[in-house]
Each structure stands twice: as C-alpha cells, then as structure tokens.
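These notes are about the structure you will find just below.
Throughout, read-outs are computed from the coordinates displayed, never taken from laboratory work. These numbers come from a predicted model, not from an experiment. Neighbour counts are summed over all protein chains in view; Cβ atoms, including those assigned to glycine, are modelled from backbone coordinates with ideal geometry.
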Amino acid sequence: MIMPIPRVSPLVLFPLAALLSVGLASNAAVNADALQWADAPAFLPPGAQLAVLDGDPSKAVRITLRLKMPAGYQIPAHWHPTQEDVTVLSGSMYVGMGDALSKTGGTLLKPGGFVALGAKMNHYAWTDEATVLQIHMDGPFEITYVDPALDPRNKK
C-alpha cells in the first residue's frame, strides 16, 4: 500500500520563484538567450535547471516553464493536480505512464514532440541526452511522487 505524502504548499516549493522568473508580464517577449536559469526546486531530482517564462508557479494562474535536464536524468513516477502540457525543444525525452519508472514502457519524444499529461495521471520521464522542455500548466505547480521514498524532498 502506498502511503500518501503530506501536501506541500506551493509557496514552499517555489521560494525562489522571483529568482527564476525573467520578469515577463502578459504579452511580453523574450529570446532564449535572455532566460534566467536556476537550479530546479528541491521537488525535482538534483541536476536540472528551471526558468519561468510566464506566470507565478506558486499561484493559481497559467504558467510556462522551461526545464533543462542533463543526459541520464530521471523523474520518478508522480502526478500533478492539473494537466501538464510538455513540448520537447531540444534533445529527447522518454515519457511513460504508470506507478513506477520503467524504461521498457516509455515513448521517445524528439524535438517538437508533445505530450498532454492529464491531471492526477501517474507519469515518469528520463533522458539519454541533454534536453530542454517547455511546460505549460495551471498553477500552483505541485508534484506528488507515487512512492514517497523517491521524492527528492525526503532524501537527506
């Protein structure tokens, strides 16, 4: 039986949201070389970087993020309370559905590849090469790992 983990406030998850943001207002434009990348928050495994393009991930608004992952990066099975729409901008990523990461059950997404991950749908991902994703979702950004032992916030 999988025990639920306590829900963590998005304000705790994004204490550095101001540092990650490029300060975009609605209808603002930015080129990729102007993005301000920072280490991803502790709810993701170490090694990734995140940039906020639009919105405030700690609030109930539409947000757009970029996630930069190194080769060999893995995100264990998890879910979000709202739909997550993911587009691969560079590199490639495998994505799979289920309660545990299985490298035999994923679909390879190449640049331009897209996946819509429904609210509360258990999914996982991994990379074989450096990859950049663009993620659109309704905030606040929250993540719940299927197996709490795999939640990076629980590792010391």
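So the values come out like this:
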{"item": "Set of aspartates and glutamates near K110 by C-alpha distance (under 17 Å), chain-local residues within fewer than 8 positions excluded", "result": "D85, D128, E129"}
{"item": "For segment 77-88, 3J(HN,Hα) per residue [Karplus equation, 6.51 cos²θ - 1.76 cosθ + 1.60, θ = phi - 60°, Hz, x = Gly/Pro]", "result": "4, 7, 8, 10, x, 10, 5, 10, 10, 10, 10, 7"}
{"item": "Dipole magnitude (debye, nearest 20) for segment 47-154, charges at Cβ of Lys, Arg, Asp, Glu", "result": "140"}
{"item": "Kirkwood Rh (inverse of mean 1/r, distinct Cα pairs), segment 47-154, angstrom", "result": "13.9"}
{"item": "HN-Hα J in Hz across segment 129-146 - Karplus 6.51, -1.76, 1.60, θ = phi - 60°, x for Gly and Pro", "result": "9, 4, 9, 10, 10, 10, 10, 10, 6, 8, x, x, 6, 9, 9, 10, 7, 4"}
{"item": "Amide H contacts under 5 Å for Y73, placed H, 5+ residues apart", "result": "T127"}
{"item": "HN-Hα J in Hz across segment 92-103 - Karplus 6.51, -1.76, 1.60, θ = phi - 60°, x for Gly and Pro", "result": "7, 9, 9, 10, x, 10, x, 8, 8, 4, 9, 6"}
